[in-house]
Amino acid sequence: MSLIVDTFGRTVEYLRLSVTDRCDFRCVYCMTEDPCFLGKDHVLSLEELAWVAQAFTELGVKKIRLTGGEPLVRTDCDQLVKLLGKLPGLEELSMTTNGSRLTRFAAEMHDSGLNRLNISLDTLKPDLFTSLTRNGKVDRVIAGIDAAIAAGFKKIKINAVILRGQNDDEVLDLIEFCRDRDLDIAFIEEMPLGVIDERKRSRHCSSKEIQDIISERYPLLPSDRRTGGPARYFTMPGSDIHVGFISPHSNNFCHECNRVRVTVEGRLLLCLGNENSVDLKAIVREHPGDIERLKTAILNGIKHKPKEHHFDPNGETQILRFMNATGG
């Protein structure tokens with residue numbers, strides 16, 4: 001049982017640990033076209049990341065997801081996976097990736113002890129993919145997905161952010177892509193993090209709208225599947241895959257939040273939609289080896305985890321940090 005319990009009685013058993021703010025894409029909902037990345041001295045080292053992860057697992061965290069930026073641009077990511085895989089009490093070690101480097105690293109990550117993958121794929125159209133990512137190639141990502149399947153990863157999940165007027169006509173195409181490859185898929189409402197010019201256009205597409213599109217072809221049946229994240233899952237006739245919906249706007253899931261994030265700068269983010277945080281990097285560097293001090297800071301910090309976030313798709317951006325700095 002996790003010892004990390006907030007003032008609203010929610011138990012934290014899930015850590016999203018960012019290993020880098022850098023990425024080989026520049027997705028339009030994630031960052032600006034010309035981002036400013038952190039210098040090496042400002043980010044946690046391999047050993048510091050492992051130390052923070054150990055503190056959380058000793059407090060009862062059972063699931064860690066490695067995020068970014070793009071985790072696989074960090075050349076020592078396989079070594080981190082090996083270190084974290086040895087932590088007592090850790091039941092699942094997963095990663096969110098854009099898939100661009102999986103043809104090279106999928107087998108290595110699987111052999112190092114990574115359990116699961118979430119892979120971002122918003123469109124199957126080559127030109128639109130390059131436009132949304134500002135430089136990516138969809139064929140490379142699809143090849144990476146197939147490499148992950150070949151490497152032995154089970155229950156791979158595709159993450160898709162649907163934007164009105166851009167890729168909302170591809171919902172069923174993405175469903176068919178996942179049915180053909182036996183991949184789960186989660187449709188995610190865009191989160192208003194960072195000031196991004198493209199977001200000034202009305203492009204919010206709700207989970208309900210996406211469900212309606214899918215239901216035109218496949219009835220969606222509620223599932224009791226739980227993965228530790230915020231998605232609500234459904235099944236479809238004729239397929240074993242699950243279709244999830246992450247709805248920070250239309251279906252606030254804060255009452256059951258069981259997760260926190262640590263950025264690559266070592267900031268413990270207590271809520272995706274709030275700026276309050278705890279500087280764990282300062283403790284790690286000023287008191288190296290003192291894991292009890294680190295655990296105390298985590299337990300004290302969790303007392304400030306807010307009740308809920310307040311995202312308004314039609315309002316002004318309230319969170320100035322970009323998604324790549326937050327950790328996916």
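What the table shows:
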read-out: Qualifying residues in segment 281-297 (those that are touching a residue at least 24 places away in the same chain (Cβ under 8 Å) and closer than 18 Å to residue 40 by Cα) - the one surrounded by the most Cβ atoms within 10 Å (Cβ to Cβ); value: 284
read-out: Conditions (1) touching a strand residue (DSSP E or B) at 6+ places or on another chain (Cβ under 8 Å); (2) touching a residue at least 40 places away in the same chain (Cβ under 8 Å); (3) not in a helix (DSSP H, G or I); number of the one not met by residue 38; value: (1)
read-out: Only listed residue being closer than 23 Å to residue 149 by Cβ and touching a residue at least 12 places away in the same chain (Cβ under 8 Å), chosen from 2, 100; value: 100
read-out: Matching helices (runs of 4 or more DSSP H) fully within segment 260-328 where at least 2 residues are among the aliphatic types (A, V, I, L, M) and modelled with pLDDT of 90 or more; value: 280-286, 291-302
read-out: Residue count, segment 256-269 (criterion: touching a residue at least 60 places away in the same chain (Cβ under 8 Å) and touching a Gly at 6+ places or on another chain (Cβ under 9 Å)); value: 7
read-out: The one condition in (1) open to solvent by less than 20 Å² (accessible area, probe 1.4 Å); (2) modelled with pLDDT under 95; (3) over 29 Å from residue 35 (Cα atoms) that residue 155 fails to fulfil; value: (1)
read-out: Pick from segment 109-131, criterion assigned to a loop (DSSP other than H, G, I, E, B), among the aliphatic types (A, V, I, L, M) and touching a strand residue (DSSP E or B) at 6+ places or on another chain (Cβ under 9 Å), ranking: surrounded by the most Cβ atoms within 10 Å (Cβ to Cβ); value: 114
read-out: Qualifying residue in segment 46-55 (condition: out of contact with any His (no Cβ under 6 Å at 6 or more places or on another chain), open to solvent by 40 Å² or more (accessible area, probe 1.4 Å) and part of a loop (DSSP other than H, G, I, E, B)); value: no
read-out: Every pair of residues 6+ apart whose Cβ atoms lie under 9 Å, when the first sits in segment 20-35 and is without any contact (Cβ under 8 Å) to a residue 12 or more places away in the chain while the second is assigned to a loop (DSSP other than H, G, I, E, B); value: 34/26
read-out: Total residues in segment 132-171, condition in contact (Cβ under 8 Å) with a residue 60 or more places away in the chain and part of a helix (DSSP H, G or I); value: 2
read-out: Condition broken by residue 73, with the remaining ones in (1) of a type in the set (A, V, I, L, M, F, W, C); (2) more than 26 Å from residue 298 (Cα to Cα); (3) in contact with a helix residue (DSSP H, G or I) (Cβ under 6 Å, 6 or more places away or on another chain) satisfied; value: (3)
read-out: Residue list for segment 167-198, restricted to those being modelled with pLDDT under 95 and either in contact with a helix residue (DSSP H, G or I) (Cβ under 7 Å, 6 or more places away or on another chain) or open to solvent by less than 40 Å² (accessible area, probe 1.4 Å) (or both); value: 188, 189, 190, 191, 192, 193, 194, 196
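Conditions (1) farther than 30 Å from residue 255 by Cβ; (2) part of a loop (DSSP other than H, G, I, E, B); (3) open to solvent by less than 40 Å² (accessible area, probe 1.4 Å); (4) of a type in the set (Val, Ile, Thr), marked per residue:
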| residue | (1), (2), (3), (4) |
| --- | --- |
| 28 | yes, yes, yes, yes |
| 66 | no, no, yes, no |
| 87 | no, yes, yes, no |
| 94 | no, no, yes, no |
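One line per residue, one yes/no per condition, for (1) within 20 Å of residue 269 (Cβ to Cβ); (2) open to solvent by less than 50 Å² (accessible area, probe 1.4 Å); (3) at pLDDT below 95:
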site: 40; (1), (2), (3): no, no, yes
site: 71; (1), (2), (3): yes, yes, no
site: 82; (1), (2), (3): no, no, no
site: 98; (1), (2), (3): no, yes, no
site: 107; (1), (2), (3): no, no, no
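The values are calculated or read from the model by the stated rules, or taken from the named source; none is laboratory data. What you see is a predicted model, and the numbers here were worked out from it, not measured in a lab. Quick reminder, even Gly has a Cβ in these numbers, built from the backbone with ideal geometry, and neighbours come from all protein chains shown. Quick note on the areas: whole protein, heavy atoms, side chains included, nothing else; ligands and nucleic acids left out. Shrake-Rupley method; radii C 1.70, N 1.55, O 1.52, S 1.80 Å.
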